[in-house]
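Asks: Here it is: the structure, laid out below.
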Amino acid sequence: MSVLFQLFWSFCQIGFTSFGGMSMVPLINDEMVSHGWMNVSEVSDIVAIAEMTPGPLGLNCATFAGMRVAGILGAIISVLGVLTPTFTLCAVAAVFFEKFKNSRALKNIMTGVRPAALGIIAAVMIDLSRTNYLVNGVFSWRAAVIALLAFYLLARRKWNVPKVIVLSALLGLLT
Amino acid sequence: MKKTKLKKIWEMFIYFFRISWFTFGGGWSIVAQMQKDFVDGKHELTAEELLDIVSVGRSLPGTMIGNVAYLFGHRQAGVLGGIAATVGMVTPPMLILSVLTYCYTMFKDNMWIAKMLQGVRAAVVPIILVAALKLRAGAFPTKICYVIAIAACVLNAFLNVNCVLVILLAVVTGLIMGKWKEAEA
């Protein structure tokens with residue numbers, strides 16, 4: 001019971017402090033690792049799985065984490081946690097839609113949050129790099145080459161993410 | 001409750017349930033589909049209204065597309081319409097992910113799968129990086145925003161300040177900056 005409540009509370013916090021997409025990754029990394037629900041490698045895995053499957057990243061992560069910690073019920077509770085801002089704040093916004101549309105406070109908040117979200121995304125990249133490019137404390141050249149190739153394909157050749165993930169998996173087999 | 005209203009609520013559930021099996025790319029494909037069906041097709045929504053829904057949905061916390069589904073469902077069929085749309089939207093990805101999580105847990109220690117995952121993990125940081133580079137546009141309207149970004153990174157990565165707290169600090173900073181700007185003007 002208490003684990004379900006912890007899951008709900010964690011994902012509720014993640015929901016209220018994330019603003020879509022990648023901005024959820026650092027929050028999920030923090031919460032999952034500090035509770036011991038996932039290790040950093042598993043966080044990388046779920047980002048990749050979420051990018052390969054339909055549905056927003058936050059929901060996919062909630063399903064994955066909830067299911068691993070407490071089965072189907074855990075998944076449902078976690079998803080409800082992520083959706084709490086939708087069923088509360090957004091429900092209010094829907095009623096007073098015209099006011100929210102031009103809200104100055106909302107714009108001001110976003111001016112602070114957008115750069116901070118990028119800051120914590122940078123932080124999570126540092127964290128993930130520590131485990132993804134160091135194998136037992138030794139720098140992995142193979143992983144680094146895959147990373148550079150992935151960056152080149154995504155940024156320069158405009159490959160889509162699922163294609164890059166499939167290629168990286170195949171390159172992983174060669175090692 | 002009137003029968004037509006119930007029917008509208010049901011329609012919201014079914015619509016989002018149907019389209020969310022194929023939402024790759026962080027929900028933008030759902031917005032594109034809504035544009036096609038409700039703006040160009042049924043003319044129940046103007047392009048401007050959809051834009052407003054998306055911009056409000058984006059600036060509220062939580063998953064962007066969950067918020068968009070709720071706002072649209074609410075507009076079409078009230079509170080229950082909003083809930084129906086959101087639940088319809090989240091069910092397909094939940095089903096898919098539940099199956100995948102089961103498979104992941106079963107097979108992740110298989111030698112071949114483990115090797116593939118090692119390759120995939122190497123690609124995750126560049127995937128996040130490329131997505132973050134796209135988010136740069138509009139994130140730095142003033143120079144102080146660079147300070148906020150660097151401070152957020154240092155607080156979380158090196159001083160172990162929890163992400164939730166970092167974002168709450170950023171919310172307060174944004175509000176204070178707004179007040180300053182008003183005072184100046």
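The values are calculated or read from the model by the stated rules, or taken from the named source; none is laboratory data. Quantities reported herein were computed from a predicted structural model and do not represent experimental measurements. Using ideal geometry, Cβ is built from the backbone for each residue, glycine included, and neighbour counts are taken over all protein chains shown. What goes into the accessible areas is simple: the full protein's heavy atoms, side chains included, and nothing from ligands, DNA or RNA. Shrake-Rupley method; radii C 1.70, N 1.55, O 1.52, S 1.80 Å.
Asks: Among the listed pairs A:K107/B:K42; A:K107/B:K179; B:K143/B:K181; B:K2/B:K36; A:K163/B:K115, which have their C-alpha atoms separated by more than 20 angstrom in this model?
Replies: In this structure, A:K107/B:K42; B:K2/B:K36 lie more than 20 Å apart at Cα.
Asks: Using only protein heavy atoms and a 1.4 Å probe, report how much of B:W28 is accessible, in Å² to the nearest 10.
Replies: For B:W28, solvent-accessible area is about 120 Å².
Asks: Over the range B:12-122, average the accessible area per residue using a 1.4 Å probe and give it in Å², no decimals.
Replies: Per residue, the range B:12-122 has an accessible area of 44 Å².
Asks: Return the aspartates and glutamates within reach of B:K7: Cα separation strictly under 20 angstrom, same-chain partners fewer than 8 residues apart disregarded; answer none if there are no such residues.
Replies: B:D37, B:E44
Asks: What does the charge add up to near A:A93, with Lys and Arg as +1, Asp and Glu as -1, over the other residues with Cβ less than 10 Å from its Cβ?
Replies: +2
Asks: If you average the C-alpha positions of the range A:22-67 and of the range B:1-72 separately, how far apart do those two centres end up, in angstrom?
Replies: Rounded to whole Å, the Cα centres lie 25 Å apart.
Asks: If you don't mind, another one. Show me the ranking of peptides B:175-183, A:46-54, B:45-53, A:109-117 by mean Cβ neighbours inside 10 Å, starting with the highest.
Replies: Packing order, densest peptide first, comes out as A:109-117, A:46-54, B:45-53, B:175-183.
Asks: In the range A:151-165, which residues become less accessible by 40 Å² or more once every protein chain is in place, relative to the chain on its own, using a 1.4 Å probe?
Replies: SASA drop of 40 Å² or more in the range A:151-165: A:F151, A:L154.
Asks: Share of chain A's accessible area from carbon and sulfur, percent, 1.4 Å?
Replies: The computed percentage sits at 67.
Asks: Against the longest principal axis of chain A, how steep is helix A:141-155, in degrees 0 to 90 to the nearest 10, with axes from Cα atoms?
Replies: 50 degrees
Asks: Further question: Would you mind finding the longest exposed-site-free stretch of chain A, with exposed trypsin sites (Lys or Arg not before Pro) meaning DSSP loop and at most 11 other Cβ atoms within 10 Å?
Replies: Excluding the exposed sites themselves, the longest stretch runs over A:1-155.
Asks: How much solvent-accessible surface does B:Y102 expose, in Å² to the nearest 10, with a 1.4 Å probe and all protein chains in place?
Replies: Accessible surface of B:Y102 is approximately 140 Å².
Asks: Roughly how crowded by other chains is peptide A:46-52, in terms of the mean Cβ count from those chains within 10 Å of each of its Cβ atoms?
Replies: 6
Asks: Shifting gears a bit: When we measure straight from the Cα of A:K158, which aspartates and glutamates land under 17 angstrom away, once same-chain ones fewer than 8 places off are left out?
Replies: Those aspartates and glutamates meeting the cut-off are A:E51.
Asks: With solvent modelled as a 1.4 Å probe, how much accessible area in total do chains A and B shield from it at their shared surface, in Å² to the nearest 100?
Replies: Summing both chains' loss of accessible area gives about 7500 Å².
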